[in-house]
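The values are calculated or read from the model by the stated rules, or taken from the named source; none is laboratory data. Note that the structure is a prediction, hence the values are computed from the model and not measured. Glycine gets a Cβ as well: all are built from the backbone with ideal geometry, and neighbour counts include every protein chain shown. Quick note on the areas: whole protein, heavy atoms, side chains included, nothing else; ligands and nucleic acids left out. Shrake-Rupley method; radii C 1.70, N 1.55, O 1.52, S 1.80 Å.
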Amino acid sequence: LAFADGQLKDFKIDDIYTADGALTGHIDPPEPIRAHLGQEHWYMRDSNWDPDFKISGNRAQWFLNKEVGIAVDGVIAVDLNFVQELLAAVGPISIEDFNEKISAENLFSLVHTQVHTDFFPGSTKKKDLLGAIARKLIDTVLQNGSALNSTFLVSVQKSISEKHLMFYLPNPLDQALLRTLALSGEMNQFAGCTSASCEMSQPDYWSLIDANLGVNKSNYYLTRRISDAVTLSSEGTALHTLSISYKNDSKAESQTEGTYKNYLRLFVPKGSQLKSALSDEKGLTLDLSSPTASSSSVKIQDLRQFTVFEHLLNVAPGSSATVTFIYEVANVASNGYALTMQKQAGTDRDPVDLRLNLPQSWQVSDNGISTTESSPQDLLVKSGQVTYNTTLSQDRGISIKIK
């Protein structure tokens, strides 16, 4: 995108493989990409390996410059969910070159089918179709003043809050403003804090990050559910039993369907202690020697302010799988407890079932529970237990005050 004086002047879409094909020299990829994707070099198409968009946005602009010599002033990340929201706001659009009418309802299935039907190496169908959709959407918005109504603005705000639209600017002051406005897609332990939990010096935190290394589109067929049972102690620790269940509804191995080869990473507060980990109730070993996790092991590493538990999970077509991490976080509960559950950018609406078990001597104070939802889907306090059922459509948080 090229802007001047606040106006869009130029717009172009190209296939990322075109840029990656121009890369000269070698950049070492993250170890899981080398080991499990079988890729010796690192390219722009995998530049978002780090889930913090402040880091991966900066890396994307670096790759673009090295590959095709273009220097940019910033990076915007979008996905098809964002396009779907815009289509819901402005209405269906006709793509004459493909003889298709695209709406919010048929976007995913139509793009999925069109891009992979009669595919061959060197095909420009993906670039041509996505480019045509983007151009028609931009023309519709710019040429039709009535399209810029409250429905359109609400759809943009929804995409921002749900991380289908994120921004990176290299100037530190600009980036700090993006962070303040929740536009930056950064990993932040206070991202889901409420007015009460913001007061706490050390809230608890987790963020589940998936990476499909199967070279397919099995994410399209995947559903995911998260449950977290947290037992709080009067000594201030939180013992988590966090399970992630996956169901792969694809039918067979193909370019679009197939095994969900997921390099799973769970980000938790730095210093958290893993007690055990299971895959479909089968114990996983702790691998201290390998640079990457396997399908039978867990790797632990510290990254910035986080400890990360890593595991390679394969979910075959038509099957389900569950991974469970049991771990302890110290010094997060005293006169209250706060938990941030941070959403991975690009995911949809994963259901989350949270259960907090309180010590016998604890009681939740009057009006002592707050969440980031104005009307929680299911929040219940009963017999020393708090249950909170929600969806991870955006960053979520819950805090309780104790007497």
Using packing as a proxy for protection, rank 104-110, 237-243 so that the peptide with the highest average count of other Cβ atoms within 10 Å comes first. 237-243, 104-110
Using mean Cβ contacts within 10 Å as the protection proxy, how do 322-330, 374-382 order, highest first? 322-330, 374-382
Any lysines whose Cα falls less than 20 Å from that of Lys125, other than same-chain ones fewer than 8 residues away, would be Lys12, Lys101, Lys136, Lys217
Mean Cβ count within 10 Å, highest first, over the residues of peptides 159-170, 282-293: 159-170, 282-293
For the stretch 4-11, Karplus-derived ³J(HN,Hα) couplings (6.51, -1.76, 1.60; θ = phi - 60°; whole Hz; x for glycine and proline) come out as 8, 6, x, 10, 6, 9, 8, 8
Among [x] 1.48; [y] 1.04; [z] 0.92, the entry matching Cα Rg over 2.2 N^0.38 Å as calculated here is [y]
Solvent-accessible area per residue for the chain (1.4 angstrom probe, square angstrom): 49
May I ask you to derive the relative contact order of the stretch 148-270, considering only C-alpha pairs under 8 Å and at least 6 residues apart, and to give it as an integer percent? 24
What part of the accessible area of the chain, given as a whole %, is carbon or sulfur when the probe is 1.4 angstrom? 50
Relative contact order of the chain, pairs being alpha-carbon contacts under 8 Å that are 6 or more residues apart, as %: 16
